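Derivation of every value follows stated rules applied to the coordinates shown; laboratory data play no part. Bear in mind the structure is a predicted one, so any value in this text is a computation, not a measurement. Here the Cβ is made from the backbone with ideal geometry for all residues, glycine too, and neighbour counts use every protein chain on show.
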Amino acid sequence: MALWPQKKNRNRPRVCDPDARPYAVFDGAGLTIGGKQILQGLTLTLQEDRIGVIGLNGSGKSSFVRLLNGLRSPSDGTLALFGAPSAQAEPELPRHVGFVFQNPDHQAIFPTVEEEIAFGLTQLGAGKDESRRGARTFLAQHGCEQLADRPISELSEGQKQLICILAVLVMEPSLLVLDEPMTSLDALASRRIRDKLLSLPQKIVMVSHDLDHFDGFDRLLWLEEGRLRMDGDPDTVREAYRRDVALRLGSEQEPAAL
Ligand SMILES: Nc1ncnc2c1ncn2[C@@H]1O[C@H](COP(=O)(O)OP(=O)(O)OP(=O)(O)O)[C@@H](O)[C@H]1O
Ligand SMILES: [Mg+2]
């Protein structure tokens, strides 16, 4: 799979500025798939270092974050990424946006940890031996040197998730997008990964159903039925979201109580 389309287009002028702030500007953006409106009327500017995304199942969170790495393109309105219209930015996005999927088994493609990490370095242009050495150094920098020779399939879910995050980070993306990266992790592993994420220099956009994961974040977006229901500081948005969930539960329970 061609992860780095810009390699084939070396002579094409670069349009993305990886340090651009804002890094994403949505103006009336929407997404329709198979005639179904999945996202609509999104007008917002992303420039903060740590942005969270919440919402009920099916509210459009995964679809929204997929717009950030070009896995999806808006059907309505406009979206600018790293200072360029999304259609022009798309070929360069794999270089600037690291995407971590919810399920590590959907992401990891190589047998061993070292190979998985080394792949990112070969994509950056390093030779085979250089990539392997670089992978070991990178793993050591993140306290994971003992995992280098382990088959990925034999790692625990937490270790797999960490390796998937490192495999993306080794490519030095400017923006890290994570779609529910801690769902299958225990409290300790998810805390460790969250602390690791908060320590990174990268800008982060993260989807999670666990509202505690947004401690230390700058901003929280709440999506509902494909629209932005609320956008603000995490404490305010979390509180409103909790109240809304409680209200929904209350109104569902009323008929049963009668
Ligand atoms: N490829 C697709 N084709 C048709 N409908 C889709 C497609 N992808 C997503 N949808 C629909 O878009 C809506 C939003 O889906 P999305 O996966 O973005 O939600 P989500 O908020 O990430 O949900 P969850 O919390 O369950 O992961 C859902 O109704 C889903 O069925
Ligand atoms: Mg989702």
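Odds and ends about this structure:
- In sequence order, the range 218-233 has phi-based couplings of 8, 7, 10, 9, 10, 9, 9, 6, x, 10, 7, 7, 7, 8, x, 6 Hz under the Karplus curve 6.51 cos²θ - 1.76 cosθ + 1.60, θ = phi - 60°, and Gly or Pro positions carry x.
- Between 0 and 90°, nearest 10: helix 128-141 axis offset from the chain longest Cα axis: 50 degrees
- Computed label-point distance, nm, for sites Asp235 and Asp212 using a 7 Å Cα→Cβ extension: 1.8 nm
- If the segment from Arg133 to Ser199 were pulled out straight at 0.36 nm per residue, it would be longer than the present Cα-Cα gap by 21.3 nm.
- In terms of its alpha-carbon gyration tensor, the range 79-210 comes out oblate; a/c meets the 1.5 threshold, while b/c is at least as large as a/b.
- The sum of -39500 (n - 2.57) across all DSSP H runs of n ≥ 4, divided by the residue count of the chain, sets its helix-only mean residue ellipticity at 222 nm to -11000 deg cm²/dmol.
- Separation between Cα centres of the range 190-258 and the range 36-101, rounded to whole Å: 18 Å
- Protection proxy ranking, peptides 156-166, 182-192, 122-132, average beta carbon neighbours within 10 Å, highest first: 156-166, 182-192, 122-132
- Under 12 Å from the Cα of Lys61 - aspartates and glutamates, other chains or at least 8 residues apart: Asp179, Glu180, Glu224, Glu225
- Cα-based equivalent ellipsoid of the range 1-127: semi-axis lengths in Å, sorted from largest, via gyration tensor: 26, 20, 14
- Length released on extending from Asp17 to Leu71, taking residue separation times 0.36 nm less the Cα-Cα span: 17.5 nm
- The range 42-85: C-alpha gyration tensor shape, a/c 1.5 cut-off, then a/b vs b/c: oblate
- With R₀ fixed at 41 Å, the C-beta to C-beta distance from Ala126 to Glu157 puts the FRET efficiency at about 0.90.
- Gyration tensor verdict on the chain (Cα atoms; rounded if a/c is under 1.5, prolate if a/b is larger than b/c, oblate otherwise): oblate
- About its Cα centre, the dipole of the chain is roughly 780 debye, where the only charges are +1 on Lys and Arg Cβ and -1 on Asp and Glu Cβ.
- Label point 7 Å beyond Cα of Arg192 along Cβ direction - residues of the range 132-151 with amide nitrogen under 16 Å: 139-150
- Dipole of the range 159-253, positive direction: furthest Cα of Leu228, His213, Ser190, with charges on the beta-carbon: Ser190
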